[in-house]
Amino acid sequence: MKRAKGTIDGKSPKKWFDYMFDHTTIIASDDPMIQHFLILDELGVIQLRVIKSVGAEKFAEFIYNKVNEFVKKETDGRVSVNKVTVLENENNSAIYEN
């Protein structure tokens, strides 16, 4: 990933992961409190990321889809992602496999 020439949503893979997951608040696009989160983001209190669905299982699927698309494009289809594991804590994890 460090030698990657391509991008994920316009960012290098590392910058994309940092942007999405490092010290951020992630909510679902249908969260009933989204307007409050948007205000907190505008005020600089949080770094808000809005995605379709949240939870360990949905994060694993979201990352799989983003990274697999990137890896396939980066390697001209020679390599793909098999699965993504998300560890929420020592008692909760999720695996997404296609």
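Note on segment 7-54: Cα-Cα pairs beyond 18 Å make up 34% of the total pair count.
Within the chain, what percent of beta bridges assigned by DSSP are antiparallel, to the nearest 5? Walk me through the numbers on the way to the answer.
On the way: 7 of 11 bridges.
About 65 percent, rounded to the nearest 5.
Working note: 222 nm ellipticity from helices only, DSSP H runs with n ≥ 4, each -39,500 (n - 2.57), summed and divided by the residues of the chain, gives -12000 deg cm²/dmol to the nearest 500. Against the main long axis of the alpha-carbon atoms of the chain, helix 56-74 sits at an angle near 40°. Maximal additional length on extending the ASN89-ILE46 stretch stands at 13.3 nm, based on 0.36 nm per residue less the C-alpha distance.
Mind jotting down the distance between the C-alpha centroids of segment 1-27 and segment 53-98, whole Å? Cα centroid to Cα centroid, the span is 14 Å.
When the Kirkwood radius is taken over all Cα pairs of segment 55-98, what Stokes-Einstein diffusion coefficient follows at 25 °C and 0.890 mPa s, in µm²/s? Once the numbers are plugged in, D ends up at 228 µm²/s.
Ordering HIS36, HIS23 by the number of other Cβ atoms within 10 Å of each residue's own Cβ, fewest first, gives HIS23, HIS36. Lysine pairs in segment 1-75 whose alpha-carbon atoms fall under 22 angstrom of each other, counting only those eight or more residues apart or on distinct chains, come to 29. Taking the Cα centre of the chain as origin and assigning +1 to Lys and Arg Cβ atoms and -1 to Asp and Glu Cβ atoms, the resulting dipole is close to 680 debye.
Electrostatic tally near VAL84: other residues with Cβ closer than 15 Å to its Cβ, Lys and Arg +1, Asp and Glu -1, net -1. Counting neighbouring beta carbons within 10 Å and listing from fewest to most, the residues ARG78, ARG49, ARG3 come out as ARG3, ARG78, ARG49. For mean projected area of the Cα convex hull in nm², computed directly from the structure shown, the correct entry in (1) 7.4; (2) 6.6; (3) 7.8 is (1).
Read-outs throughout are calculated quantities, based only on the coordinates presented, and are distinct from any laboratory measurement. These numbers come from a predicted model, not from an experiment. FYI the Cβ positions are ideal-geometry reconstructions off the backbone, even for glycines, and counts take in every protein chain you see.
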